[in-house]
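K.L.:
For reference, the structure I am asking about is given below.
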Protein chains: 2
Amino acid sequence: MLTVAVLGLGLIGGSLLRALGAAGVPTIGYDAAPATRTDAAAARCEVAESVAQAAARAEVVVLAVPLPAVPGVLDELATAGYRGILTDVTSVKSPVYALVAARLPGARYVGGHPMAGKETSGFAASDPGLFTGCAWALCLEPAAVESASRLDDWLTVAELLTRLEVRVVPATPHEHDTAVAQVSHLPHLTAAALAAATAPGAGRGEAGGLAATLGAGSYRDATRVAASNPALVAAMCGGNAAALAPALDDLIDRLTEARRRLDAADPIAALTEWLRPGNAARVSWPPTGHTPHQLDATADALLRLGRAGGWVTDVAPDRRGVAAVHPE
Amino acid sequence: MLTVAVLGLGLIGGSLLRALGAAGVPTIGYDAAPATRTDAAAARCEVAESVAQAAARAEVVVLAVPLPAVPGVLDELATAGYRGILTDVTSVKSPVYALVAARLPGARYVGGHPMAGKETSGFAASDPGLFTGCAWALCLEPAAVESASRLDDWLTVAELLTRLEVRVVPATPHEHDTAVAQVSHLPHLTAAALAAATAPGAGRGEAGGLAATLGAGSYRDATRVAASNPALVAAMCGGNAAALAPALDDLIDRLTEARRRLDAADPIAALTEWLRPGNAARVSWPPTGHTPHQLDATADALLRLGRAGGWVTDVAPDRRGVAAVHPE
C-alpha cells in the first residue's frame, strides 16, 4: 500500500495523520515545530525529522500547512527532488495551483479541501474522526485539459480518502473556489456587515446599543462567524478574491432587488416572491435523499457528478469506474 | 392589583397569560377560537367568551393577535367602550400606533414587543417561562411629545412586565422598528439571498449543487432563517418597510465597500480593516458586564437608557424612579 506523508500536524493535518493510520494506511508525519512532532510521536504516529525525510518515504504527500507556509514547503519538496503525488487541505485552490506551478513545476498535484473544522486548533485538538461524513473537495480539470496520468493520480487520492468515510466531491479549482466563496466567504462578509451595523453610532440611527439588546436568535446565528479573527477571515476572502468578487456582486444585486421591492405598491407580495428561491433552496438543504450508482471514471463524468451535488464513495480496483452518490 | 386581559392565546399570548398568573397577577384570557379557549380553561386560566367580556374586567388589555387581526380586535374594543391601558406584542410598532390612532382614538396605548419565540406555535406550545430573561421593548416618546399620563401608563405596564423577570427596554416606536430591522429583518434578507445563490442554476457559475454539497457550518447558520415561511417573513419585513429600507441601504453600502476592497492593491489588508468593526461588535455581544443603578422615571432618561443598551428591572412604588441596568 502507498505511504502517505502529512506535512503540518495542526488540527487538520494531525487529524488526517491519525485518521489514515486508523484506516490502516502507512503514514509518516512532519511538523516544523519540534514540540508538535513530540506530541504526534507520543500519540503513536510515525514522525520524520524533516520534509525531505518524510517525502523520501512517501508516494503521496499532503500539504497541511496554512497558505502562507505553502511556498516554503514546496521549495523544500523541490530541493528534496520529490516526484510523487501531492495534495493539500488549503481552503482556496486556484492560488495553490499557481504556487505549485511556480515552485514545483511538473508536480503531480491534486488539490484538496476538507469541509471540516473546529473552533480549536493544533495537534492537541486533532481527532481521527474529524472528517467522518464531511465533504472533501478534490480538484481535477475537464478531459480536454486533464491528462490520463493526472486523472490516475486523482483516483489514487480519491481512493485513499474514501477510506476515511468522507464524501469525495470532484470539482475544478475554479468551481471549488466559486462554491466556497458562496457558502463560506460570503457568509463571513454578511456576518461582519450585519454586526457592524449594530455597533453604537454605526447605524443611520443613534440607537446601536438598543439594537444589540434587542438582538436574539436571528442576529446570533447570522453574525456568529463575525467573531472570527479578522486577519484570518481577510486572508481567506482576499486569497479567493477572483471568485469572491463576482459572488459578492451577485449577492449585492439580490439585496438591491429586495430593496427595490420594499418600494413596490404591495411590498409584502413583492417580497414573498423574492424570498421563495432562497426558501426552496434552504428547506431542501442538506439533501436527504441520495441515489447510489456507478459512474465511468472519466474527468468529465466526475465533474458532472460534482456540479450536480454528488460525490464519490469508492473507486473500483481497475480504476475504470467509481461508486457515486447523487442527490435526488 | 390590576387585572390584565390577554386577547389572543397563541404561543405568545398563552405564555403571557400563564406567566402573569404564575406571578400572582389577576388575569383573564380570550381567543377567537373556541378550542383554544377550552385549552386555556383546561390549563386553569380564567377565560372570557368575548373581547367585550374580557375588556370589561380589565385595567390593562394585551393585544396578542397577529398584525392582520389587530384592526378587528381594535374595533371590538372601540365597540365595547374600552378606556383602560392597551399594550401589544406585535413585532413592528409604528404601524400598530397608526392603527390604534385610526381605530381607537385616544386609547392609552403602550406598544410592546417581547424578543422571544419558538419554532412551535399555538396555546399547546405556550410556556409560562418563555419570557424569563428576554428583552421586552416597551415604547414611549420623548418628553416633548409624551404626556405625563402616558408616561404613567408606560410605568404601569413596565411594572407588570418586571414581575416576569424580563428586561424592559424603553424605545420610541421608530427606534424599535429601526433596531428590529437591523437585528431581525436584515438577517432574514441576507439568509434568503445567500440561500438563493446556492440554488442550482442560480449563480453566475453552473455548480449550485456543488455549493450546496460543500456548505457546512457557516452556510448552515447564515441561512437558517431562510427556512421560515416566505409569506410570514414578507409580512414582517414589508410591514416594517419604512425602517427596513434605510437599514438595507446601509447594509448594501457596507457590502459594496467590501467589494471595492477586494480590488485593492492589498485586498487582505483592506478587508482586515473593513472586518474590524463587525468583529468588535460581535465579540462584545451579548454584553456580559452590567451596572445596576437608579434612574429618574422621565421619558428622556428612559429613552437614553434604551439607546445605550440598558433596561428597567423595577419601578419604584412612588413611580418617580426605576431600577435600571446599564451595559458596561
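The values are calculated or read from the model by the stated rules, or taken from the named source; none is laboratory data. If you're wondering where the values come from, they're calculated on a predicted model, not measured in any experiment. FYI the Cβ positions are ideal-geometry reconstructions off the backbone, even for glycines, and counts take in every protein chain you see. Side chains are part of the model used for accessible areas, which takes the heavy atoms of the whole protein and leaves out ligands, DNA and RNA. Shrake-Rupley method; radii C 1.70, N 1.55, O 1.52, S 1.80 Å.
K.L.:
List every residue whose amide H lies under 5 Å from the amide H of A:H290, counting only residues 5 or more places away in sequence or on a different chain, with H placed 1.01 Å from N in the peptide plane.
P.N.:
A:E328
K.L.:
Students often check this: by mean Cβ neighbours within 10 Å, which of B:65-73, A:179-187, A:86-94 ranks highest, and how do the rest follow?
P.N.:
A:179-187, A:86-94, B:65-73
K.L.:
Let me ask you something else. Take A:T132, A:T288 and sort them by solvent-accessible surface of the protein heavy atoms, 1.4 Å probe, largest at the top.
P.N.:
Solvent-accessible surface, decreasing: A:T288, A:T132.
K.L.:
In addition: Amide H to amide H, which residues 5 or more places from A:T90 or on other chains are under 5 Å from it, using H placed in the peptide plane?
P.N.:
For A:T90, the qualifying residues are A:G112.
K.L.:
Top to bottom by accessible area (1.4 Å), largest first, where do B:Y109, A:Y30 land?
P.N.:
From most accessible down to least: A:Y30, B:Y109.
K.L.:
May I pose another question? In nm, one decimal, shortest first: how far is the label point of B:T291 (7 Å from Cα along Cα to beta carbon) from the matching points in the other copies?
P.N.:
Sorted ascending, the copy-to-copy spacings read 6.6 nm.
K.L.:
What are the GluC sites (Glu not before Pro) within the range A:136-166 that DSSP puts in a loop, where the Cβ has at most 16 other Cβ atoms within 10 Å?
P.N.:
Passing both the DSSP loop test and the Cβ count: A:E165.
K.L.:
By how many degrees, 0 to 90 and rounded to 10, does the Cα axis of helix A:241-262 deviate from the longest principal axis of chain A?
P.N.:
20
K.L.:
Further question on the same structure: In whole Hz, with x marking every Gly and Pro, tabulate ³J(HN,Hα) for the range A:169-179 from phi via Karplus 6.51 cos²θ - 1.76 cosθ + 1.60, θ = phi - 60°.
P.N.:
The phi angles translate into 9, x, 6, 6, x, 5, 4, 4, 5, 5, 5 Hz.
K.L.:
Across peptide B:69-79, what mean number of C-beta atoms from other chains lies inside 10 Å of a residue's C-beta?
P.N.:
0
K.L.:
Each residue of the range A:155-165 in order: what ³J(HN,Hα) in whole Hz does its phi give by Karplus 6.51 cos²θ - 1.76 cosθ + 1.60, θ = phi - 60°, with x for Gly and Pro?
P.N.:
Listing the rounded values in order: 5, 5, 5, 4, 4, 4, 5, 4, 5, 8, 6 Hz.
K.L.:
Run through the range A:1-59 and list the trypsin sites (Lys or Arg not before Pro) located in a DSSP loop whose Cβ has at most 11 other Cβ atoms within 10 Å.
P.N.:
Filter output for the range A:1-59: A:R44.
K.L.:
Put a dot 7 Å past each Cα toward the Cβ at B:D300 and B:A33; how far apart are the dots in nm?
P.N.:
Between B:A33 and B:D300, the label points sit 4.8 nm apart.
K.L.:
What accessible area per residue comes out for the range A:1-151, rounded to a whole number of Å², with a 1.4 Å probe?
P.N.:
Ligands and nucleic acids excluded, the result is 41 Å² per residue.
K.L.:
Taking each residue of B:230-240 in turn, how many C-beta atoms of other protein chains fall within 10 Å of its C-beta, and what is the average?
P.N.:
Mean number of neighbouring Cβ atoms from other chains: 6.
K.L.:
Pull up all non-local amide H partners of A:T3: gap of 5 or more, or a different chain, and H-to-H distance under 5 Å with H placed in the peptide plane.
P.N.:
A:E59, A:V60
K.L.:
Let me ask you something else. Could you look at the range A:179-328 and say what percent of its accessible area is carbon and sulfur, using a 1.4 Å probe and all protein chains?
P.N.:
Summing carbon and sulfur atoms, their accessible area is 54 percent of the total for the range A:179-328.
K.L.:
Treating the point 7 Å from Cα along Cα-beta-carbon as the label, what are the nm separations from A:G133 to the other copies, to one decimal?
P.N.:
Label-point separations across copies, in nm and ascending: 2.7.
K.L.:
For chain B, find the longest principal axis of its Cα atoms and tell me its angle to the long axis of helix B:11-22, 0 to 90°, nearest 10.
P.N.:
Once rounded, one gets 50 degrees.
K.L.:
Express in Å², to the nearest 10, the accessible area of A:M236 obtained by rolling a 1.4 Å probe over the protein heavy atoms while all chains stay in place.
P.N.:
Surface open to solvent at A:M236 totals about 40 Å².
K.L.:
Next question. Quick one: label points 7 angstrom along Cα→Cβ at A:A23, distances to the other copies in nm, smallest first?
P.N.:
When each copy's label point is compared with this one, the spacings are 5.7 nm.
K.L.:
Helix A:267-283: angle to the longest alpha-carbon principal axis of chain A, degrees 0 to 90, nearest 10?
P.N.:
It is inclined by approximately 20 degrees.
K.L.:
In addition: Tell me, what is the per residue accessible area of the range B:166-312 in Å², probe radius 1.4 Å?
P.N.:
35
K.L.:
Sorting B:I12, A:I268 by accessible area (1.4 Å probe), largest first, what list results?
P.N.:
Ranking B:I12, A:I268 by accessible area, largest first, yields A:I268, B:I12.
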